[in-house]
Amino acid sequence: MNDEFFAALERLGPFGNSAPEPTFLTRNLRLAQAWRVIKDKHLRLTLEDPQDGRRLGGMAWSRARTDFVALARQSQWAQGSALDVVYRLRRNWHPDFGGWEMEILALRNTTFLR
């Protein structure tokens, strides 16, 4: 993903009932640093592509059916863990820490080796 990709994604919008928002799957991302718990129930991750070193942050919002914090603890994820991630891309407009980030919908340990 690069600036051209993000610009093209923005041109596809607006998203809604008649234009569903794109959902992505990326396999074998590495946890670039320790995960953090936000407000006792959400998971903040920084993920890295092991091939080119690009990093992107993401939030996994725990909901009634999915407890991402419990999953991270149970799976014993640590820096360097390999994960498959399903996500949407979001633009954070905050002036101090804005930019593109993932809204993580599903996570699992990578089940194959590259």
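The values are calculated or read from the model by the stated rules, or taken from the named source; none is laboratory data. A quick note: this is a predicted structure, and the numbers were derived from the prediction, not measured. Because the Cβ atoms are built from the backbone with ideal geometry, glycine has one as well, and the counts that use them run over all protein chains shown.
Any idea which of 33, 51 is in a loop (DSSP other than H, G, I, E, B), farther than 17 Å from residue 107 by Cβ and not hydrophobic (A, V, I, L, M, F, W, C)? Working first, answer last.
Working: 33 fails: farther than 17 Å from residue 107 by Cβ.
Result of the check over 33, 51: 51.
Looking at residue 15, is it touching a Phe, Trp or Tyr at 6+ places or on another chain (Cβ under 7 Å), of a type outside the set (Lys, Arg) and surrounded by fewer than 16 Cβ atoms within 10 Å (Cβ to Cβ)?
Numbers: touching a Phe, Trp or Tyr at 6+ places or on another chain (Cβ under 7 Å): no; of a type outside the set (Lys, Arg): yes; surrounded by fewer than 16 Cβ atoms within 10 Å (Cβ to Cβ): yes.
For residue 15, the condition - touching a Phe, Trp or Tyr at 6+ places or on another chain (Cβ under 7 Å), of a type outside the set (Lys, Arg) and surrounded by fewer than 16 Cβ atoms within 10 Å (Cβ to Cβ) - is not met.
If you take the residues in the stretch 1-30 that are free of Cβ contacts under 8 Å to residues at least 40 places away in the same chain and in a loop (DSSP other than H, G, I, E, B), which one is farthest from residue 64 (Cα to Cα)?
Among those residues, the one meeting the criterion is 2.
Evaluate the following for residue 113: is it modelled with pLDDT under 90 and of a type in the set (A, V, I, L, M, F, W, C)? Before the answer, list the steps.
Details: modelled with pLDDT under 90: yes; of a type in the set (A, V, I, L, M, F, W, C): yes.
Here the answer is yes, as residue 113 does meet what is asked.
Of all residues in the stretch 36-48, count the ones that are in a loop (DSSP other than H, G, I, E, B) and either on the phi > 0 side of the Ramachandran plot or of a type in the set (Asp, Glu) (or both). Steps first, answer last, please.
First, the residues of the stretch 36-48 that are in a loop (DSSP other than H, G, I, E, B): 39-41.
Those left that are additionally either on the phi > 0 side of the Ramachandran plot or of a type in the set (Asp, Glu) (or both): 39-40.
Qualifying residue count, the stretch 36-48: 2.
So, in the stretch 6-46, exactly how many residues are within 12 Å of the chain's Cα centre (by Cα) and among the β-branched types (Val, Ile, Thr)?
3
How do the pairs read when you match residues in the stretch 61-80 that are free of Cβ contacts under 8 Å to residues at least 40 places away in the same chain with residues anywhere that are loosely packed, with under 13 Cβ neighbours inside 10 Å and part of a helix (DSSP H, G or I), using Cβ under 9 Å and keeping only pairs 6 or more apart or on different chains?
62/70
When the residues of the stretch 52-106 are filtered to those that are of a type in the set (Asp, Glu) and within 20 Å of residue 24 (Cα to Cα), which remaining residue is surrounded by the most Cβ atoms within 10 Å (Cβ to Cβ)?
Only one residue fits best here, namely 101.
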